[in-house]
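Comments concern the structure below.
The values are calculated or read from the model by the stated rules, or taken from the named source; none is laboratory data. A quick note: this is a predicted structure, and the numbers were derived from the prediction, not measured. All Cβ positions, even for glycine, are placed from backbone atoms using ideal geometry, and neighbour counts span all protein chains on display.
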Amino acid sequence: MSKSTICERERKQLQKMNKFQLGNPYKKAGHIIAIGAFLLMILRKYIEDSEWIRPILQGTLLIGLLIISLSKEKIEDEYLDSLRSQSYRLAFILAIVYSLVQPAINYAVATLLNQDDTLSIFSYFQVLFFMLIVQLLFFWQLKRMNN
């Protein structure tokens, strides 16, 4: 096997992964999953000894948002693909900024309120939720502005 065929095969695999999207009907399923998980997270607050279900609901919410994010629009063209790429890029950059700035803000607020709080780290859920929400909001806004 030559190097060129291995490289070609790897390039085709990367292109295939880069173009991966779910069909449009999955968008509705993603909305149902995300909204259902969010409502259950609110209801969980009123149930005693329900802390064990929190990570399950958080994971379910993230899966619902990811399904929405990966689902095609009814009419998917190269322009919408470009807008989607822009929204992913912006979400990634803002998530990094958020991850770097948020602990300092938490520390400053705790200091102002005279609480003994060290620099706190936050969970993967906060970062991923922020990234997915920002990506979806940017995509919807870019799409709306360019229609």
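Assorted remarks:
- Yes/no for TYR124 being among the aromatic types (Phe, Trp, Tyr) and surrounded by fewer than 16 Cβ atoms within 10 Å (Cβ to Cβ): yes
- Residue pairs whose Cβ atoms lie under 6 Å apart, sitting 6 or more positions apart in sequence or on different chains, and linking a residue in region 9-35 that is over 10 Å from LEU65 (Cα atoms) to a partner that is part of a helix (DSSP H, G or I) and of a type outside the set (Asp, Glu), are GLN21/LEU70; LEU22/LEU70; TYR26/ILE67.
- Residue selection: LYS27 satisfies the criterion of being among the charged types (D, E, K, R), outside the structural domain of TYR124 (by TED's automatic domain parsing), surrounded by 15 or more Cβ atoms within 10 Å (Cβ to Cβ) and over 13 Å from the mean Cα position of the chain (by Cα).
- Some residue of region 30-41 being aromatic (Phe, Trp, Tyr), in the same structural domain as TYR124 (by TED's automatic domain parsing) and part of a helix (DSSP H, G or I): no
- Residue that is modelled with the highest pLDDT, among those in region 56-89 that are in a helix (DSSP H, G or I) and of a type in the set (D, E, K, R): ARG89
- Complete set of residues in region 43-55 that are surrounded by 10 or more Cβ atoms within 10 Å (Cβ to Cβ) and assigned to a helix (DSSP H, G or I): LEU43, ARG44, ILE53, ARG54, PRO55
- Any chance GLU78 is charged (D, E, K, R) and farther than 21 Å from ILE32 by Cα: yes
- Test for PHE92: is it in contact with a helix residue (DSSP H, G or I) (Cβ under 9 Å, 6 or more places away or on another chain), assigned to a loop (DSSP other than H, G, I, E, B) and under 20 Å from MET131 (Cα atoms): no
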